[in-house]
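Working notes for the structure below.
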Amino acid sequence: MTLTCYIRGVFIGLVMILGPLRPAWAQVGKIRELQLSLPAIRDSSNYVDVINRISLLFYEQNADSTLYYALQARQIAYRNDYAQGRADATNNLGVVFDIKGNIQLALRYYNDAYNQYVSLGDSSNIVQTLMNIGSVYNVSGRDDKAQSNYDRAMALGDRIEHDSITAIVIYNYILLYPQKFSRNRRTTLIDRAYRIAEKYRDVRLELAIDQLRATEFIEAGQREKGLAFLEETLDKTLALQLNYLSMDLLIDLGDQYLAEDRVRAIGFYNKALDLAEQKNYRMYARDVCRKLYGYYEGRKENAEAFVYSQKLLKLSEEQAEIDRVSGIDYIEYAVKDQQLISAQLKSKYNSEMLTLAVAVCVLTLLSIIVLWRNWKLSKKTNRVLTMQFRQLESTTDALEKSNQNYARLIKIVAHDLRNPIGGINALCSLLQDDDTTAEEGRQYVELIRESSTTCLHMISDLLQTDFDFNETEVNKKPVDLPVFLDHAVTLLTFRAAEKNQRLVLDDPSQAIVNADPEKLLRVLNNLIVNAIKFSPEGETIRVDMERTDNGVTISVEDHGLGIPKEAIPNLFDPFTTSKRPGTAGEQAFGLGLYISKQIVEAHGGKLWFETEEERGTTFYVFLPGENVNSFSPA
């Protein structure tokens, strides 16, 4: 069963907008009604609550609208120091990234919301966020943490008065981990959840639990009864326009019938695909197309397989275009969100400083009156106040500089982590490919492990340095240069393949380089990623190494856009204004070459380039002779 999207739909919708069933058309009407009511609301807390409600009602219709209203609600809640509204808005941000599939950001905002609900003593929402955190851990494969959070949610849910949330926890826990419970225990819990759903007249939850009951029938050997029950439940969900639940039931029925009744199974799949295309559920459409493509391809029915391969290609192109046009870069968003929080803290600090300054002025005025009465005492008091005021100014300047360094550090962290994380993402996509062999899988996992280790070391380095590298900060060791270059090229081959490019390593001569391999890998990653970014599709990028009497030179050559003459003087500046988008609209940060130059010069080397506009660019990394040995490694 393909249940990921459905799980999100059920627990998000039921927890936050609990009440009588609303079909899809009624939900849109409710959104419009709430929007029209906003101008008449005068109480700021009530205003935030309504915006949060609109934000969550939008999640089934448009996740970007959920993001928009959640950010608006949180901003107003911060401004008015409304803790409940801030917690609800933070939870809604977790919902957005949960739906978008960005697990790390979803987990971050769910954890923030959990901590805020704990400080408020909001038991129902504490249970909800524990459940959401558990479900995110489930998606990421962390079953131990997922079950731990679900156990905590179940335990707390049993103690609170409003038991509707407990029914949802039971439903999701059994759906994700049926093996956790014995058959009798599952039956008892399902019956309990159904009674709660009946008590609150929650038809959506009743139908969801009916899906669990049907599964129980099938596993108990009552297959015909279970399938009939599934089809009856599907008819009800379609009639009530419960699209997410209908999608999962259609896919579930297709999976159940595929082995014994091909025509019926394909019928359910096609109906699911029609609904997904009608409602613009791209992720569902992609999943169904993959099932149909895999089925026909496995049967060597190439004509039918081709139809669904074309649909998959079109869906991929449409999603890529949406991502390009919308410009939503979630890693960049997280950086900007952190900057926003820092700015808010700074604003609060400035307000406190202003209050303190006013207090100082008042004290100064009183002191002047006292000084007028006693001249000797006034001179001593004046010196003390002057010294205190200067200390306050010094503290303010130090904090301002600290905030600027912090924002700069975040940007550099985000930039340097994009390359290894991009490689991990590409390798994970290959691991999901059904054609991947066990040996290939092991190789991909090893590459993922190395990339993630690089990320951890990179973060540690970034937190301990001001990026003005010097030789004492470089951890040199013997590096087999041909093996090192082959490893670096392999990690980024998948990145180049996304633009149908070839990444070629010319046969390097044997050499041992005394260098910091992690920092040198960052240099090579930055240069190769830039070549990929500024080269057109189908182009070839070459990496070469040449030994001379003075040392060794590594080159990265592309035949892309080249560098404009006006950009050359400032190319190695930090946060340079010479940055521009890549050939596929990729974003540039203006940090990579600055950091690379710092690292190379810390090795006693030199980084330079040769370029011709519209014909390509070659970057050279020279390491001097004292860093190079001619012998082969043992």
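Taking 0.36 nm per residue of sequence separation and subtracting the Cα-Cα distance, how much length would be gained by fully extending the chain between Leu120 and Glu546, in nm to one decimal?
On the way: separation 426, 0.36 × 426 = 153.36 nm, distance 6.42 nm.
Between Leu120 and Glu546, full extension yields an extra 146.9 nm.
If the cut-off is 22 Å between C-alpha atoms, which lysines fall inside it for Lys606, apart from same-chain ones fewer than 8 positions away? The reachable lysines, counting only those whose Cα sits under 22 Å from Lys606, are Lys476, Lys477, Lys519, Lys565, Lys579, Lys597. Here Lys199 is the anchor, and the aspartates and glutamates within straight C-alpha reach of less than 13 Å, apart from those fewer than 8 places off in the same chain, are Asp163, Asp191. In plain terms, the residue of Leu371, Leu392 with the fewest other Cβ atoms within 10 Å comes first and the most crowded comes last, giving Leu392, Leu371. Taking a threshold of 27 Å on the Cα-Cα distance, which of the pairs Lys30/Lys100; Lys279/Lys499; Lys100/Lys533 fall above it? Violating the 27 Å Cα-Cα cut-off are Lys279/Lys499.
Can you put His162, His559 in order, fewest other beta carbons within 10 Å first?
So the ranking, lowest neighbour count to highest, is His162, His559.
Let me know the shape class of the range 531-584, please: from the alpha-carbon gyration tensor, a ≥ b ≥ c as square roots of the eigenvalues, rounded when a/c is under 1.5, otherwise prolate if a/b is greater than b/c, or oblate. Oblate, since a/c reaches 1.5 and b/c is not below a/b. Ordering Cys455, Cys428, Cys289 by the number of other Cβ atoms within 10 Å of each residue's own Cβ, fewest first, gives Cys428, Cys455, Cys289.
Summary of the geometry: the range 282-305 and the range 221-273, compared by the centres of their Cα atoms, lie 18 Å apart. Residues in the range 434-442 carry Karplus couplings, in order, of 5, 7, 5, 7, 5, 5, 4, x, 4 Hz; the curve used is 6.51 cos²θ - 1.76 cosθ + 1.60 with θ = phi - 60°, and Gly or Pro positions show x.
Regarding the range 472-629, what is the average projected area of its C-alpha convex hull, in nm²? Spell out each step's value before the answer.
Numbers: hull surface 35.0 nm².
Answer in nm², one decimal: 8.8.
Here each label is just a point 7 Å from Cα along the line to Cβ, and for Glu498 and Leu392 those points are 5.1 nm apart. Could you grab the relative contact order for the range 472-629? Cα pairs under 8 Å, six or more apart, rounded to a whole percent. Normalised by residue count, the contact order of the range 472-629 is 24 percent. Over the range 97-164, what is the mean sequence separation of C-alpha contacts under 8 Å (at least six apart), divided by residue count, expressed as relative contact order in percent? So the answer I get is 28 percent. Max-minus-min Cα coordinates of the range 136-176 on each principal axis give 32, 16, 13 Å, with the largest extent listed first.
Read-outs: derived from the displayed coordinates by stated rules, not from any lab. Because the structure is predicted, anything quoted here is derived from the model rather than measured. Positions of Cβ are generated from backbone atoms using ideal geometry, with glycine treated the same way; all protein chains shown enter the neighbour counts.
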